[in-house]
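Some notes on the structure that comes next.
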Amino acid sequence: MKEVAKIYNWINGKEVEPDNALWIDKYDPHTGKILSKFADSISTDVSTAIEASCLAYNDWSRSTAIQRGK
């Protein structure tokens, strides 16, 4: 059976697995087959993402739109 794609959390420029190591299946409504799995994020994942965004904000806010697009 073909491995389905996993949609990770994107934190601090990296794909990060959910802290609880759980995934939610995304189904094709027509066939009922699993299309992909996405992170079943919990509060610690959200806290990590918020912390990373707060640390990155000052540099990000001083960058130009062109720099942000790279």
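Among residues of the range 29-56 being acidic (Asp, Glu) and part of a helix (DSSP H, G or I), the one that is most open to solvent (accessible area, probe 1.4 Å) is Glu51.
All told, Asp25 meets the bar of being over 12 Å from the mean Cα position of the chain (by Cα), open to solvent by less than 70 Å² (accessible area, probe 1.4 Å) and at pLDDT 95 or above. Here is the figure for the range 1-28: residues that are part of a loop (DSSP other than H, G, I, E, B) and acidic (Asp, Glu) total 4. Does Asp28 satisfy being charged (D, E, K, R), touching a strand residue (DSSP E or B) at 6+ places or on another chain (Cβ under 7 Å) and within 30 Å of Asp59 (Cα to Cα)? The answer is no for Asp28.
When Asn9 is tested against (1) under 30 Å from Asp59 (Cα atoms); (2) open to solvent by 70 Å² or more (accessible area, probe 1.4 Å), exactly one condition is not met: (2).
Pick from Lys14, Lys2: which is exposed (fewer than 11 other Cβ atoms within 10 Å of the Cβ) and over 15 Å from the mean Cα position of the chain (by Cα)? After ruling out the rest, the residue left standing is Lys2.
Of everything listed in (1) farther than 30 Å from Glu3 by Cβ; (2) in a helix (DSSP H, G or I); (3) among the charged types (D, E, K, R), the single unmet condition for Lys70 is (2).
Taking each residue of the range 48-59 that is more than 18 Å from Asn20 (Cα to Cα) and looking for partners that are open to solvent by 70 Å² or more (accessible area, probe 1.4 Å) and at pLDDT below 95 with beta-carbon atoms closer than 6 Å, six or more apart or interchain, yields Ala52/Asn12.
The values are calculated or read from the model by the stated rules, or taken from the named source; none is laboratory data. Because the structure is predicted, anything quoted here is derived from the model rather than measured. As a convention, Cβ positions derive from the backbone with ideal geometry for all residues, glycine included, and neighbour counts pool all protein chains shown. Accessible surface areas use protein heavy atoms only, side chains included; no ligands, DNA or RNA. Shrake-Rupley method; radii C 1.70, N 1.55, O 1.52, S 1.80 Å.
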